[in-house]
Amino acid sequence: MEPVTAFSGQIVAMPINDIDTDQIIPARFLKTTDSAGLGKNLFADWRYEVDGTPRADFVLNQPRHAHATVLVAGDNFGCGSSREHAPWALRGAGFRAVVSTSFADIFRNNALQNGLLPLQVDEETQQQLISLAQEDAGTTVAVDLETQTLTLPDGRDVGFPIDGFARHCLLNGIDQLGFLQSLEDDIFAWEESHPARVNTLASA
Amino acid sequence: MSENGQRPRTLFDKVWDSHVVRPPANGAPTVLYIDLHLVHEVTSPQAFTTLRERGLKVRRPDRTLATMDHSTPTTPRNELGIILVPDAMAAAQLEVMRRNCEDFDIPLYELGSENQGIVHVIGPEQGLTQPGMTIVCGDSHTSTHGAFGALAFGIGTSEVGHVLATQSLLQERPGSMAVRVDGRLQAGVTAKDIILAVIAEIGIGGGTGHVIEYMGEAIRSLGMEGRMTVCNMSIEGGARAGMVAPDDTTIDYINGRPYAPRGETWDAAVAAWRQLPGDEGATYDREVVLDAADLTPMITYGTNPGMGMRITERVPDPDRLGDLTAKLALDKALNYMGLQPGQSLLGKAVDVVFVGSCTNSRISDLREAARIMRGRKVADSVRMMVVPGSQQVKRQAEAEGLDEVFRAAGAEWREAGCSMCIAMNGDQLQPGQYAVSTSNRNFEGRQGKGGRSFLASPLTAAASAIKGAITDVRSLQGEHA
């Protein structure tokens, strides 16, 4: 995995609460067996007419936001289905971070596994960023994972919480699977002391 | 302090503590062992790709079970008894599942085979879901299995890979939340109404970061299938998982199922399960209390499961909400749903009624719907689909003649699967259509692009199918009891 350290990016606002993962990537696009190629269907039902033409009034279709890499959303982003296709679609469309006051648990985990930063901020910062993005599409923020700070256009630094281990993995480009594999002895010891209750291979 | 000097522990504490492979150390969170990993075709292919790329095996195929449910058609079998898959992408995805299970020695319940069904129906049905276990699946409704006093939660595809390769997960310990439902339910009010009322109360983000334990007389009075309905929708309140402490109801349900322990092993297992309920004095980070006597049939009016109300209430008015973002959210939802503030939903015409999904597709759900349908007809304007949760549920329903009740009423009797709950298998609403659905999500487009869903119980769904419009089951003649 590519390390994630610090970057700057233009913001785009979707000030809607409770954006669920069915909106981020509708289920009919989940018949793929690949994780690439989902970006074009990000927010598909909000982004395209029934015949497939892009809706001019949808924010991500506006040319002025074409280069945005930081999505500023309403509260409780990513609720609903556990589909990791949601962060895959966001990453596929070029996003590197989502700003919200809160994230659904599974979405947060999935995002962190894919180098997409869930930046949890207070409501005032969220609202300030939404206004800024709507006023000026060129508005840029800086994200520093090392110091866990989001720097606003006015120079104000806002901290964001992030699980320490996920941060370590992101900064060093390590994935969690490799770490779990290194714990083979611990896992084996647990299994030795806890006999299995069920065996799915045994014919019932 | 309890007698042994330890802090009194909750059901969740006991299950969590007994699965810690490694406590938090050097900045890494808990490593938790996973007893049972359920796998389906939609969220697993990329995880198997990772295993192949790294040359890894599935560590414990004997703790893994795969089924086909999400992208599978539910159309009746052909003359050879085969369920055809006309969608090329779905067929390819199912083929990948088949190959992955073969290559990695994982048992698979193939489409149409005797035990195939929705992943959260088959685990309990086979007796694989047992109290005190940790269970995961790449599916948010894994919380269903918590009805047995298991810790069961949904994970993403990367984590599916972690469990396939190591049978373990890195997990932050969640907070605890008690939801107590006191008293007794009135006639016509079901487990589905309990959970819709809970979510309306706490909101769809209300349980975020928490595991809910459901308790109280009304929960204890539910059968296992009702408890599964309640735990199933924990995620719709944002919770990581939902749990119910095991009791005689739980033990009776498991006894004799294919993978249930037998003989002396059974006795030892039951003794261990009896130790799982929370200790006297155990505390929770949050508590919510509802009175079952106050509950009525529920229905949703909006575009998330938290937008629910008593079926007799009126659609709320965005202008009466103080919070601006909440007002905008409700405006947007009512606009999508084509509803007016202050409107009653009783009598609102619907086009489709769907009985099915991991929330409400078990035999007791079908019996409830059939009880209402018997001797009645589905309104001419309504398409009603009844989709059993598994092949086993289907056979049981047919043995009881329920399929005949549905068919005689004019409903479609289908093969097992997720079907119109997620609408990726061809079973879907058309743009603008209204549906009463026993499933778990009324998100925009969830049941088909432009489709509009009202979530409700099987009783409400059946009553609405007959009347062709949203109906309070308690108003049907002969349904007073």
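The values are calculated or read from the model by the stated rules, or taken from the named source; none is laboratory data. Bear in mind that the values here come from a model prediction, so they are computed numbers and not experimental data. FYI the Cβ positions are ideal-geometry reconstructions off the backbone, even for glycines, and counts take in every protein chain you see. Just the protein is used for accessible areas: all its heavy atoms, side chains included, with ligands, DNA and RNA removed. Shrake-Rupley method; radii C 1.70, N 1.55, O 1.52, S 1.80 Å.
For this structure, a couple of remarks:
- Residue in the stretch A:64-79 that is of a type in the set (F, W, Y) and more than 23 Å from A:L152 (Cβ to Cβ) present: no
- Residue match in the stretch A:4-26 (condition: part of a helix (DSSP H, G or I) and over 15 Å from the mean Cα position of the chain (by Cα)): no
- Filtered residue count, the stretch B:186-231, keeping only those that are open to solvent by 10 Å² or more (accessible area, probe 1.4 Å), under 28 Å from B:T471 (Cβ atoms) and of a type in the set (S, T, N, Q): 3
- Annotation: A:A137 fulfils all but one of (1) out of contact with any helix residue (DSSP H, G or I) (no Cβ under 7 Å at 6 or more places or on another chain); (2) at pLDDT below 95; (3) farther than 17 Å from B:L170 by Cα; (4) more than 10 Å from chain B (Cβ to nearest Cβ); the unmet one is (1).
- Complete set of residues in the stretch B:44-57 that are within 25 Å of B:I118 (Cβ to Cβ) and open to solvent by 10 Å² or more (accessible area, probe 1.4 Å): B:Q46, B:T49
- Complete set of residues in the stretch A:174-193 that are assigned to a loop (DSSP other than H, G, I, E, B) and either in contact with an Asp or Glu (Cβ under 6 Å, 6 or more places away or on another chain) or within 7 Å of chain B (Cβ to nearest Cβ) (or both): A:L183
- All of B:V378, B:V355 fail the test of being more than 14 Å from chain A (Cβ to nearest Cβ), open to solvent by less than 20 Å² (accessible area, probe 1.4 Å) and under 25 Å from B:C231 (Cα atoms), apart from B:V355.
- Check on B:P61, within 23 Å of B:G138 (Cβ to Cβ), within 27 Å of the chain's Cα centre (by Cα) and either touching a residue at least 24 places away in the same chain (Cβ under 8 Å) or more than 10 Å from chain A (Cβ to nearest Cβ) (or both): yes
- Any hit, the stretch B:238-248, residues being away from chain A (no Cβ under 14 Å), part of a helix (DSSP H, G or I) and buried (at least 24 other Cβ atoms within 10 Å of the Cβ): no
- Unique match (being in a helix (DSSP H, G or I), touching a Pro at 6+ places or on another chain (Cβ under 8 Å) and either surrounded by fewer than 22 Cβ atoms within 10 Å (Cβ to Cβ) or free of Cβ contacts under 8 Å to residues at least 40 places away in the same chain (or both)) among A:R197, A:R91, A:R108, A:R167: A:R108
- Of all residues in the stretch B:59-72 being open to solvent by less than 10 Å² (accessible area, probe 1.4 Å) and of a type outside the set (S, T, Y), the one that is farthest from B:A423 (Cα to Cα): B:R63
- Elements of type helices (runs of 4 or more DSSP H) contained in the stretch B:130-222, each with 2 or more residues being more than 10 Å from every other protein chain (Cβ to nearest Cβ): B:191-202, B:217-220
- Just one of the listed residues (B:G117, B:G112) is away from every other protein chain (no Cβ under 11 Å), over 30 Å from B:D285 (Cβ atoms) and modelled with pLDDT under 95, and it is B:G112.
- Scanning the stretch B:249-293 for residues that are buried (at least 16 other Cβ atoms within 10 Å of the Cβ) and polar (S, T, N, Q), we see that the one that is nearest to A:R108 (Cα to Cα) is B:T250.
- Hits in the stretch B:382-403 (condition: assigned to a helix (DSSP H, G or I) and in contact with a Ser or Thr (Cβ under 8 Å, 6 or more places away or on another chain)): B:Q391, B:V393
- Which listed residue, of B:A465, B:A379, is hydrophobic (A, V, I, L, M, F, W, C) and part of a loop (DSSP other than H, G, I, E, B): B:A379
- The residue list B:F454, B:F406, B:F443 contains one member that is touching a strand residue (DSSP E or B) at 6+ places or on another chain (Cβ under 8 Å) and in a strand (DSSP E or B), which is B:F454.
- Screening A:S8 with (1) more than 14 Å from chain B (Cβ to nearest Cβ); (2) over 23 Å from A:R64 (Cα atoms) gives one miss only, at (2).
- When residues in the stretch B:302-343 are screened for being assigned to a loop (DSSP other than H, G, I, E, B) and either more than 14 Å from B:G203 (Cα to Cα) or without any contact (Cβ under 8 Å) to a residue 12 or more places away in the chain (or both), 15 of them pass.
- Which numbered condition A:H67 misses (of (1) open to solvent by 50 Å² or more (accessible area, probe 1.4 Å); (2) in contact with a Pro (Cβ under 9 Å, 6 or more places away or on another chain); (3) modelled with pLDDT of 95 or more): (2)
- Selection of the stretch A:111-123 for residues being farther than 20 Å from A:D175 by Cα and part of a strand (DSSP E or B) yields only A:Q120.
- The stretch A:27-47: number of residues that are outside any loop (DSSP other than H, G, I, E, B) and within 15 Å of the chain's Cα centre (by Cα): 1
- Segments classed as strands (runs of 3 or more DSSP E), wholly inside the stretch B:1-56, with at least 1 members that are more than 16 Å from B:Q167 (Cβ to Cβ): B:36-40
Here is a yes/no grid of residues against (1) touching a strand residue (DSSP E or B) at 6+ places or on another chain (Cβ under 8 Å); (2) among the charged types (D, E, K, R); (3) over 28 Å from B:V136 (Cβ atoms):
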{"residue": "A:R47", "(1), (2), (3)": "yes, yes, yes"}
{"residue": "A:F58", "(1), (2), (3)": "no, no, yes"}
{"residue": "A:R64", "(1), (2), (3)": "no, yes, yes"}
{"residue": "A:H67", "(1), (2), (3)": "yes, no, yes"}
{"residue": "A:D75", "(1), (2), (3)": "yes, yes, no"}
{"residue": "A:H85", "(1), (2), (3)": "no, no, no"}
{"residue": "A:A93", "(1), (2), (3)": "no, no, yes"}
{"residue": "A:L112", "(1), (2), (3)": "yes, no, no"}
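- The stretch B:65-85 residues that are within 14 Å of chain A (Cβ to nearest Cβ) and within 17 Å of B:K394 (Cα to Cα), paired with ones that are of a type in the set (V, I, T) and outside any loop (DSSP other than H, G, I, E, B) (beta carbon under 8 Å, 6 or more apart): B:T67/B:V39; B:T67/B:V119; B:T67/B:I122; B:D69/B:V119
- In this structure, A:G164 does not satisfy being modelled with pLDDT of 95 or more and among the small types (G, A, S).
- A:T101 vs. criteria touching a residue at least 24 places away in the same chain (Cβ under 8 Å) and within 14 Å of chain B (Cβ to nearest Cβ): yes
- Some residue of the stretch A:76-98 being within 14 Å of the chain's Cα centre (by Cα), farther than 26 Å from B:G161 by Cβ and facing chain B (nearest Cβ under 10 Å): yes
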